[in-house]
Amino acid sequence: MTRQAVSLAWPPADASELRSFPRRTLPPERRLWRVVRRGRGPWWFGSSGGGRFDLPEPNGTCYLADDELAALLEAVGPDRKGGGISTRFFTDRRIHRLQVPGARSLADLTSRRCAGFGITLEVHTVVPYDRTRAWALGLHRAGAEGLLYLARHDPGGGRGFALFGTAGERKSWRRGRALTIAPRLIERLAGECGVEVIKVPRLDELRLLEPPAQRTR
């Protein structure tokens, strides 16, 4: 195989072959983070196929991160244009500090033992998502309640958690604290990650220019 081809294997057709896949327990006391649009609940299990590890209906996948900066980078990633992000992005969103209601057994995509199953680091970055969604479905069928993976948009190695569950919003789970995205976190995004934050001026800060005078003949 050429080194320029995708080396991430497809999962086996028989999910029972994944029963020995490495696992990691996510305890309920572990603090997790998720950035969502203002007014939306944090526990959304998506099945649209727009997420890397989305399960098909009737199931879905909810994505979280192990720290607030990784969660912000994952949210900012698709919207960043030319390395910058508008301040409006932050005012339109909230960051939730969350905990799962009970321990969950996750398939650990960060373990070296994954290599024996055909997993490479491409599972965290490859596009499109057809192979990674196939892996999510296979591991779900093998009994995994979610995945531990590397956050694609965090070069510093932030960890992501993809939890499996029934598609839609989980309103019965505790929503945690919905926090405004604080200036200190935005400063970390700029200082530690080099992401330019572009201020959108208020209307009263704009100066309207007079149109040039028309020449008369």
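Here are some residues: Pro11, Pro22, Pro42. Which one is closer than 14 Å to Trp173 by Cα and buried (at least 17 other Cβ atoms within 10 Å of the Cβ)?
Pro42
Counting only residues that are of a type in the set (Asp, Glu) and at pLDDT 60 or above, which one in the range 174-209 is farthest from Ala70 (Cα to Cα)?
It comes out as Glu196.
Which residues, counting only those in the range 108-136, are hydrophobic (A, V, I, L, M, F, W, C), more than 21 Å from Gly50 (Cβ to Cβ) and touching a residue at least 60 places away in the same chain (Cβ under 8 Å)?
Result: Cys114, Phe117, Ile119.
If you check every pair at least six apart or on different chains, which have Cβ atoms under 8 Å apart with a residue in the range 64-88 that is within 18 Å of Pro183 (Cβ to Cβ) first and a residue that is modelled with pLDDT of 90 or more and charged (D, E, K, R) second?
Between residues of the range 64-88 that are within 18 Å of Pro183 (Cβ to Cβ) and residues that are modelled with pLDDT of 90 or more and charged (D, E, K, R), the close pairs are Glu68/Arg97; Leu69/Asp154; Leu69/Arg188; Leu69/Glu192; Ala71/Arg34; Leu73/Asp154; Ala75/Arg93.
Working carefully through the options Thr25, Thr2, find the one that is β-branched (Val, Ile, Thr), modelled with pLDDT under 95 and more than 11 Å from the chain's Cα centre (by Cα).
Among Thr25, Thr2, only Thr2 is β-branched (Val, Ile, Thr), modelled with pLDDT under 95 and more than 11 Å from the chain's Cα centre (by Cα).
Looking at the structure I just gave you, is Ile85 over 24 Å from Arg24 (Cβ atoms) and aliphatic (A, V, I, L, M)?
yes
Please note which helices (runs of 4 or more DSSP H) are completely contained in the range 79-193 and include at least 1 residues that are in contact with a Pro (Cβ under 6 Å, 6 or more places away or on another chain), surrounded by 14 or more Cβ atoms within 10 Å (Cβ to Cβ) and not basic (Lys, Arg).
Answer list for the range 79-193: 130-141.
The values are calculated or read from the model by the stated rules, or taken from the named source; none is laboratory data. Worth saying up front: this structure is predicted, and the values here are computed from it rather than measured. When we count neighbours, we look across all protein chains shown, and the Cβ atoms used for this are built from the backbone with ideal geometry, even at glycine.
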